[in-house]
Amino acid sequence: MRIKDARCATEPFRELVADMVLWLALVLLFLAFRAVFFWLFRGELAERPTAQALFRCFETGLRSDTCAAMWAIVPSLILTLIGLVRPLGKWHERIRWLTIAIVLTLCAIIFITDVGYFAEYDNQFDHRIFGLVYDDLRAILTTIWKSYHVIVLVIAAGFAVATSVWGLNTICRVSTAGDVPKFLGTKWARGVNFVIVLLWLLLGARIWPHGYLVSVKNAPGAGDPFLNKIAVNPFFALRYAVWQERNMQKIAGLRTILPNGDIRSAAAALFPQAPNAATLDDCIQRAAPGNSNPPPSHVFVVVMESYDAWAMQSEYTSLHLTDRLSELGREGVRVEGFISSGSSTMESLGTIITGLPFARVLINYQPAVREGVPSAIASIFKRLGYRTRYFLGTTLSWERSGEFCREQGFDEVYGGDQMPGPSGRNEWGVDDEDLFRFVLQKTGPEPTFNLIMTSSYHPPYSVDVEKKGFDLNSLKSNPICAGLSTRQLRILGHLWYCDKCVADFAFEGERKLERPLFAFTGDHYSRKKFVSARPMRTLYEQFAVPLVLYGRKALENVHAPATLAGSHLDILPTLIDLAAPSGFVYHAFGRDLLNESQTQVGFGCNAVIGPNFIFRLHDEQRVEDLYGERVNGVDGKTLARRYRQLEALGWWRAVKGKEWPATSAGGMRSP
């Protein structure tokens with residue numbers, strides 16, 4: 001009886017040992033996942049990492065891993081605390097078993113999802129994960145089903161989880177079976193243990209004693225962009241993405257962009273010509289200079305899915321992936337130094353549609369924007385006498401884009417489900433050739449402004465590109481594509497197909513219509529679609545998208561500056577100044593790319609680009625030219641500050657509206 005009482009008295013300590021074993025096992029599991037993750041995507045390394053860089057990566061990772069493991073064992077650890085006051089017997093063991101089963105199941109889901117997410121978005125979980133909430137969930141799930149061996153993954157993951165739960169539970173049971181000194185069962189010892197466990201719980205959940213809960217902000221510092229991306233535990237990357245999404249809607253979101261939160265000073269710095277503007281909208285009011293050409297009869301802005309600019313560089317012309325758009329650029333105007341506003345479709349479309357700088361919020365869901373903004377491109381063209389239309393290859397319910405476009409002044413909106421698709425369609429919409437055919441069928445003599453979003457260069461890449469004329473063997477024999485699989489080559493074939501379709505559309509539109517003007521751009525860089533298993537070598541290859549203006553008659557007397565650079569934000573004023581009479585008043589945050597008096601620089605997608613330089617926003621010391629060579633003499637600090645000021649104004653207009661923030665003698669007052 002005494003032996004039983006003694007064992008009962010020391011039982012809480014045994015359970016504490018089991019909790020410590022479980023915690024250590026989870027830390028090792030997280031470290032193992034990071035090592036496997038590193039091995040899977042090792043081709044992303046820009047160069048061979050130093051021992052110090054690897055140590056920084058895994059040291060930072062260890063901090064977040066130990067914290068995540070602590071949160072995972074909180075239910076069992078709380079029962080240990082209770083057991084130190086009143087032993088719980090078998091209930092504790094059962095709860096721990098359930099905790100192990102839940103945690104390992106979540107790990108399997110998060111690990112597999114994180115690998116797939118990184119393969120597509122070149123990052124661990126970030127704000128784009130909310131595409132699962134706002135995007136076409138059915139299309140996403142269908143794409144996943146077609147692109148991955150889902151059944152095999154589920155079976156393999158289920159087996160791995162079941163085996164791991166059994167093994168880890170067995171280890172925890174074995175760890176509690178040994179002899180324990182009797183003095184640990186005394187009230188005094190249990191009291192000391194209670195304090196120790198409580199401190200371990202509180203400090204462990206907040207990581208080291210400095211009390212700072214690990215977040216993604218701790219990650220940078222490994223010295224390599226890839227190592228920085230994988231440093232943080234995937235659960236914390238997801239947690240940070242959720243926090244950022246919620247926080248960006250509050251005034252704290254503004255301060256993450258512009259720490260002093262001084263919107264008036266930011267506006268004064270960017271728009272010195274409007275020092276006494278009554279509202280933010282007044283700052284961006286301007287008048288068109290007019291030009292000697294008659295206005296274009298139709299304006300077509302074609303936003304091409306994932307169409308980035310690397311394939312248009314001379315180094316890759318032997319691939320013949322973008323020959324047709326390159327030809328249009330030679331006959332029209334090509335802006336070589338050009339970047340997208342965002343890294344996803346809706347981020348960039350939101351800027352093109354509203355004329356607002358992208359500011360890390362889903363602009364199409366903001367109440368202040370849904371009532372319409374004066375810089376919306378459709379409403380401005382409508383005042384110029386154009387009928388405004390939106391054509392989307394997929395369904396209009398995607399990202400509520402159809403409703404959003406109506407709010408911003410489009411007269412007509414068309415989705416892929418309204419378009420006959422003799423060539424083909426998938427869950428993301430009709431093939432590009434059917435989209436363009438539909439646009440031309442709907443276009444008559446009445447002047448129109450048209451925004452067109454393509455979808456074929458998007459998973460699951462279902463177009464039979466070889467049937468359309470793509471020569472797969474020419475890529476196989478090209479040394480640039482050495483090491484690429486047949487599937488990767490066919491994916492590049494979809495870039496060739498997109499290029500073919502836009503050029504056919506331009507030539508057919510010019511044949512059929514009087515004075516059409518075309519603007520072709522990509523919605524964002526294509527992230528993983530490149531001609532090598534290694535990462536893109538240069539910043540230009542990573543970030544740039546094309547902008548080509550084309551129209552023989554519409555541009556016949558237009559003289560472009562010798563060098564050009566900009567972003568999606570600059571499309572609106574460039575097109576307006578080509579179409580509007582002198583003195584026409586409109587609103588725009590960007591600038592006319594063809595105006596030689598303006599500084600040629602583009603702000604977007606966390607990067608700044610010029611005619612002969614590019615740098616990341618948070619690494620303004622590393623400035624490259626458009627071919628990857630280091631550049632000196634660029635004032636990256638000043639340009640980065642201007643970027644943040646512009647982004648802050650975009651955030652304020654999208655979230656808070658046009659009115660200035662309330663102020664007092666002490667400065668800005670948080671709303």
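Results, tabulated for the structure shown:
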quantity	calculated
Residue check for Leu569: touching a strand residue (DSSP E or B) at 6+ places or on another chain (Cβ under 7 Å), aliphatic (A, V, I, L, M) and either surrounded by fewer than 23 Cβ atoms within 10 Å (Cβ to Cβ) or under 20 Å from Glu336 (Cα atoms) (or both)	yes
Any hit, segment 50-68, residues being open to solvent by 50 Å² or more (accessible area, probe 1.4 Å), assigned to a helix (DSSP H, G or I) and of a type in the set (Asp, Glu)	yes
Within segment 492-589, strands (runs of 3 or more DSSP E) holding 1 or more residues that are modelled with pLDDT of 95 or more and farther than 24 Å from Arg630 by Cα	516-522, 547-550, 585-587
Of residues in segment 327-369 being more than 24 Å from Arg591 (Cα to Cα) and in a helix (DSSP H, G or I), the one modelled with the highest pLDDT	Glu327
Leu28, sole failed condition from (1) modelled with pLDDT of 90 or more; (2) open to solvent by less than 60 Å² (accessible area, probe 1.4 Å); (3) not β-branched (Val, Ile, Thr)	(2)
Any pair with Cβ under 6 angstrom, 6 or more apart, that starts in segment 321-349 at a residue that is closer than 24 Å to Phe613 by Cβ and ends at one that is acidic (Asp, Glu) and buried (at least 24 other Cβ atoms within 10 Å of the Cβ)	Thr322/Asp499; Leu325/Asp499; Ser348/Asp523
Options Ala288, Ala277; residue that is over 27 Å from Ser348 (Cβ atoms), small (Gly, Ala, Ser) and over 31 Å from the mean Cα position of the chain (by Cα)	Ala277
Hits in segment 376-410 - residues which are modelled with pLDDT of 95 or more, within 24 Å of the chain's Cα centre (by Cα) and hydroxyl-bearing (Ser, Thr, Tyr)	Tyr390
Segment 574-593 residues that are more than 21 Å from Pro357 (Cα to Cα), paired with ones that are among the small types (Gly, Ala, Ser) (beta carbon under 6 Å, 6 or more apart)	Ala580/Ala288; Pro581/Gly290; Ser582/Gly290; Gly583/Ala287; Phe584/Ala288
First in segment 260-274 and farther than 13 Å from Arg644 by Cβ and in a helix (DSSP H, G or I), second anywhere and open to solvent by 20 Å² or more (accessible area, probe 1.4 Å) and aromatic (Phe, Trp, Tyr), Cβ under 8 Å, 6 or more apart	Arg264/Trp660
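The values are calculated or read from the model by the stated rules, or taken from the named source; none is laboratory data. Only a predicted model underlies this, so the values are computations on that prediction, with no experimental measurement involved. Heads up, the Cβs are rebuilt from the backbone with ideal geometry, glycines too, and the neighbour counts pull from every protein chain shown. All accessible areas refer to the heavy atoms of the entire protein, side chains included, with ligands and DNA or RNA removed. Shrake-Rupley method; radii C 1.70, N 1.55, O 1.52, S 1.80 Å.
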